[in-house]
Amino acid sequence: MEHIPPTDEKLIDEFNATGDPALLDELTKRHIGRTRAFIYQMVLNHADADDLAQETFIRAFRGLPHFRGHSTFTTWLFRIATNTTRTFLARRTRDRVTTAEHLPDCPAPRRDAPDSALTTAEVDAAIRSALDTLTPPLRAAIVLRTIHRMDVAEIARIESCTIATVYWRIHQARRQLKHHLSDVDIDVG
């Protein structure tokens, strides 16, 4: 007889009843990869993504007694990740504005001829740079839809907005990415 693993909701109910930390370990194993990948795509820094993923799970586990199952655990967790990441990005933006006045002038980046072939690293850097220009709501919408292949309705629940707003954000993100990546041969959908 094949063993069917318990659902996330069953693990949460068991944890709330018993307090067994092994149940939290199982939830973490199931969700850490996608959650951390999403956060990385929002902050574009591995160390920050690790810290924010840890903070997301700490907040989620502290909030488990309040999880009512109105949405899936994944949706609820991604909402926590989104809010945690947005708070971080807002703080980082404030810090950049404060310290930007003290930065020395840097030479403009060197641009190779348009017909030169780009390496994978250069393409990745161009994409990260373009993503970094998007506002957090636009970046979340495009990352959740195109990279994590989430349904628009689920993104709307994560973002606490309407489906129409999600479609608009995806459209705006694609438009801005196309503009920022116009020198690079990349299809942004």
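The values are calculated or read from the model by the stated rules, or taken from the named source; none is laboratory data. What you see is a predicted model; the values in this text were computed from it and never measured. A quick note on method: Cβ atoms are made from the backbone with ideal geometry, for glycine too, and the neighbour counts reach across all protein chains shown.
Taken over the range 8-39, the criterion of being surrounded by 15 or more Cβ atoms within 10 Å (Cβ to Cβ) and free of Cβ contacts under 8 Å to residues at least 24 places away in the same chain is satisfied by LEU11, ASP13, GLU14, LEU23, GLU26, ARG30, ARG36. Applying the criterion of being of a type in the set (D, E, K, R) and assigned to a helix (DSSP H, G or I) to the residues of the range 132-161, the residue that is surrounded by the most Cβ atoms within 10 Å (Cβ to Cβ) is ARG139. Listed conditions (1) in contact (Cβ under 8 Å) with a residue 24 or more places away in the chain; (2) closer than 22 Å to ILE32 by Cα are all met by VAL184, apart from (2).
May I ask you to verify whether ARG145 is over 18 Å from THR85 (Cβ atoms), without any contact (Cβ under 8 Å) to a residue 60 or more places away in the chain and of a type outside the set (Phe, Trp, Tyr)? Answer is no for this residue. In the set ARG59, ARG34, only one residue is touching a helix residue (DSSP H, G or I) at 6+ places or on another chain (Cβ under 7 Å) and among the basic types (Lys, Arg); that residue is ARG59. Of all the residues in the range 40-56, those that are crowded, with 21+ Cβ neighbours inside 10 Å and under 12 Å from ILE80 (Cα atoms) number 3.
Quickly run through the range 60-94 and pick out the residues that are closer than 23 Å to THR135 by Cβ, loosely packed, with under 15 Cβ neighbours inside 10 Å and either hydroxyl-bearing (Ser, Thr, Tyr) or assigned by TED's automatic domain parsing to the domain that holds ALA153 (or both). Those that are closer than 23 Å to THR135 by Cβ, loosely packed, with under 15 Cβ neighbours inside 10 Å and either hydroxyl-bearing (Ser, Thr, Tyr) or assigned by TED's automatic domain parsing to the domain that holds ALA153 (or both): THR87, THR93.
Matching residues to (1) without any contact (Cβ under 8 Å) to a residue 60 or more places away in the chain; (2) under 18 Å from ALA141 (Cα atoms); (3) of a type outside the set (Val, Ile, Thr):
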{"site": "ASP50", "(1), (2), (3)": "yes, no, yes"}
{"site": "PHE67", "(1), (2), (3)": "yes, no, yes"}
{"site": "TRP76", "(1), (2), (3)": "yes, yes, yes"}
{"site": "ARG79", "(1), (2), (3)": "no, yes, yes"}
{"site": "THR84", "(1), (2), (3)": "yes, yes, no"}
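Restricting attention to the range 162-179, the residues that are under 16 Å from THR75 (Cβ atoms), over 16 Å from the mean Cα position of the chain (by Cα) and either exposed (fewer than 13 other Cβ atoms within 10 Å of the Cβ) or in contact (Cβ under 8 Å) with a residue 12 or more places away in the chain (or both) add up to 1. Can you say whether ARG59 is within 18 Å of the chain's Cα centre (by Cα) and under 22 Å from THR93 (Cβ atoms), as far as the supplied structure shows? Against the criterion (within 18 Å of the chain's Cα centre (by Cα) and under 22 Å from THR93 (Cβ atoms)), ARG59 qualifies.
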